[in-house]
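The values are calculated or read from the model by the stated rules, or taken from the named source; none is laboratory data. Remember, predicted model here, so these are calculated numbers, not experimental data. Virtual Cβ from ideal backbone geometry, glycine too; neighbours counted across all protein chains shown. Surface areas here come from the heavy atoms of the whole protein model, side chains and all, with no ligands, DNA or RNA. Shrake-Rupley method; radii C 1.70, N 1.55, O 1.52, S 1.80 Å.
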Amino acid sequence: MAATDEKVFKSAHENDGKYHYGGRDVFGYGRSPPNPQWPNKAKVALNFVINYEEGGESCLLHGDDESEKLLSDIVGASALKGQRNANMESLYNYGSRAGFWRLHRMFTQKKIPATVFAVGMALERNPQACNAMVEAGWEVASHGYRWLDYQDVDEETEREHIERTIEIHKKMIGTRPTGIYQGKPNVHTRKIVAEAGGFMYDSDAYDDDLPYWTFDYGGVSNPHLIIPYTLSENDMKFVSPGSGFTTGQNFSTYLKETLKFLVEEGKAGQPKMMTVGLHGRLMRPGRAAGLADFMDYAKKYGKDVWICTREEIAKHWY
């Protein structure tokens, strides 16, 4: 075998050695991420996201063939095929009846801005909540038309759902959403979002501490902005099987440690962003106490922490 010949391995694949392939980018910013130059030289951009999903989940009453199974205090629940789950429905109702309003009081009283990831079907069921979001000055981004897993949903149906939820936002909020987080997307979702037009960003990503552009769908002349979300700084960990938060203090401590570390990174010359994910149906009083503690802690940082909406981050990035 010549010195320049390379051995061909049976396990070889056409994507071997690539860092950008199939919509994935494992390289990112590398060792030299950009300084985002946050307003007032802030060290961290902090965004709170309130997921509004209740009334858009899987349910026979919504035309589905099974009950909801995810993100409730029935940890590890299974979907009931062809049946309603009365307990699950009641737990979801808590989010729209009580939990949302607890969060609304907390954020408005503390004068902290928020982004809402709102499911279209859920918005349409609760005009009073929609009015409260608008009155509070919150950003209301799209969380898709349904709180469903879109993994096996065909492109035509997903396009219709995105189009429909835009129209619901216009009707219920008074304006179309500028951001979208489908939540349970498939490999075609971002393409559909980019082709729909009108969105400044999507958040169906968890792969960075900063926003970034992708050129996969519009080329250099029409890049698409991605503002990554989080599943770790998220109250969903209260109901994650086998791990997560057990008390409000656990939640608060973890969030404080995250913010403190990010502020220190920012002071060292690498400012980042931090997202906190919240759900009304999970925001029982003891958990809310931990969130309130963290909110007060974050405000004490003053200008070092820019508490903002995702739309504000997007406008800054543009």
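Comparing Val44, Val26, Val263 in a Gaussian network model of the chain where C-alpha atoms under 10 Å apart are linked, the largest mean-square fluctuation is found at Val26.
I need the GluC sites (Glu not before Pro) found in segment 228-318, filtered to DSSP loop residues with at most 15 other beta carbons within 10 Å of theirs.
Details: sites: Glu233, Glu257, Glu264, Glu265, Glu311, Glu312; in loops: Glu233.
Loop-located and lightly packed - none at all.
Compute the Kirkwood hydrodynamic radius of segment 118-188, taking the inverse of the mean of 1/r over all pairs of distinct Cα atoms, and give it in Å to one decimal. By the Kirkwood definition, the hydrodynamic radius is 12.2 Å.
Given the C-alpha atoms of segment 196-318, compute the convex hull and give its volume per residue in Å³.
On the way: hull volume 16.7 nm³, N = 123.
With only Cα atoms used, segment 196-318 gives 136 Å³ per residue.
Per the Debye formula on identical point scatterers at the alpha carbon atoms of segment 176-253, with no solvent, log10 I(q)/I(0) at q = 0.15 Å⁻¹ is -0.62. Here Asp296 sits with roughly 70 square angstrom of accessible surface, probe radius 1.4 Å. Rg and Dmax of the chain, both derived from C-alpha coordinates alone, stand at 20.7, 75 Å.
The amide H of Glu57, built 1.01 Å from its N in the peptide plane, has Trp147 as neighbours under 5 Å, considering only residues 5 or more places off or on other chains. Distances between placed amide hydrogens fall under 5 Å for Tyr201 paired with Ile180, all partners being 5 or more residues away or on another chain.
Divide by every residue of the chain the summed helix terms, -39500 (n - 2.57) for each DSSP H run of at least 4, and state the resulting mean residue ellipticity at 222 nm, rounded to the nearest 500 deg cm²/dmol.
On the way: 9 runs with 104 residues, N = 318.
Rounded to the nearest 500, it is -10000 deg cm²/dmol.
Of the listed residues Thr275, Thr175, the order by accessible area with a 1.4 Å probe, largest first, is Thr175, Thr275. Using the alpha-carbon centroid of each, what span in Å lies between segment 39-98 and segment 103-161? Here the two parts' Cα centres lie 12 Å apart. A compact globular protein would have a Cα radius of gyration near 2.2 N^0.38 Å; the ratio found for segment 1-125 is 1.75.
What are the membrane-span-like helices in the chain by this rule: whole DSSP H runs, Cα extent along the axis at least 20 Å, mean Kyte-Doolittle hydropathy at least -0.5?
Details: long enough: 155-172 (25 Å, -1.68); 248-267 (28 Å, -0.62); 285-299 (21 Å, -0.23).
TM-like helix candidates: 285-299.
Heavy-atom accessible surface of Lys260, to the nearest 10 Å², is about 100 Å², with a 1.4 Å probe and all protein chains retained. Remark on Phe48: its backbone amide H falls under 5 Å from those of Thr115, Val276, Cys308, a criterion applied only to residues 5 or more positions apart or on other chains, H modelled at 1.01 Å from N. Every Cα-Cα pair in segment 9-79 was counted, and those over 21 Å apart are 66% of them. Once the Cβ-Cβ distance of Glu167 and Ser11 is raised to the sixth power relative to R0 = 41 Å, the FRET efficiency obtained is 0.25.
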